[in-house]
Amino acid sequence: MKKILIWLIPALVAGLLLTGCTPKARYERMLKQETESGIRHDSLFMGLYLGMPEKEFYTRCWNLNRQGLVRQGASNNSVLYEMKNELKYPATMDFYPRFVEGKIAEMPVQFKYAGWAPWNKKLSAEKLETDVYDWYKTKYGSGFLKVRHPKRGMAYVQIKGNRRITIFIGDESTVWAVMTDLTMPVNVADTTQAQKKALENLTKDLNK
């Protein structure tokens, strides 16, 4: 869970394709305005928040597990929440944060429809992304930039204060929503070699 596509996000954001004024300029204006506002938006979900100490995160998840609200994720090193009514169809929400200096700096969340199958078009990743996007708007407000990247497809980006939310398709069955504290550094050196190569390729595309 720790080593996932979240490291592609900077390149994804920088490589946005959108009609009208350049998406990179729009993103940079939003980034400057929000980060200079001094306002913090740390709220995540289920009582979790950006900047949360690691021990407090584990205690919170333990309590949620005791209440029967979450369980161990499929990879055995993540937390799984079963979404019964939040989206149009039942889905799973699999998450585990990225810690910097013992505090939550980033929260990648993987969504997947519970009944997904390759032939079930109504449960496709494209439908799921729209569903997740609509749900996030109700939880975190409007102001998302709708963008298209030549390789990553449609994506949505919102920045409020220190918190950036990026929503994008992972593969044919999954969607990622990554919440990042822009005031905390995330060490790209911890990524896998394959992810580094993918990031390098995307960066090269942006510089053409």
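Structure notes:
- Its Cα gyration tensor gives the range 37-103 an equivalent ellipsoid. The semi-axes, each the square root of 5 times an eigenvalue, are 22, 16, 11 Å from largest down.
- Long pairs among Lys88/Lys146; Lys55/Lys127; Lys55/Lys84; Lys103/Lys139; Lys32/Lys103; Lys32/Lys55, criterion Cα-Cα beyond 26 Å: Lys55/Lys127; Lys55/Lys84; Lys32/Lys55
- Protection proxy ranking of 79-90, 125-136 - average other beta-carbon atoms within 10 Å, highest first: 125-136, 79-90
Every read-out reported here was derived from the displayed coordinates using simple, explicitly stated rules and does not represent laboratory data. These numbers come from a predicted model, not from an experiment. Here the Cβ is made from the backbone with ideal geometry for all residues, glycine too, and neighbour counts use every protein chain on show.
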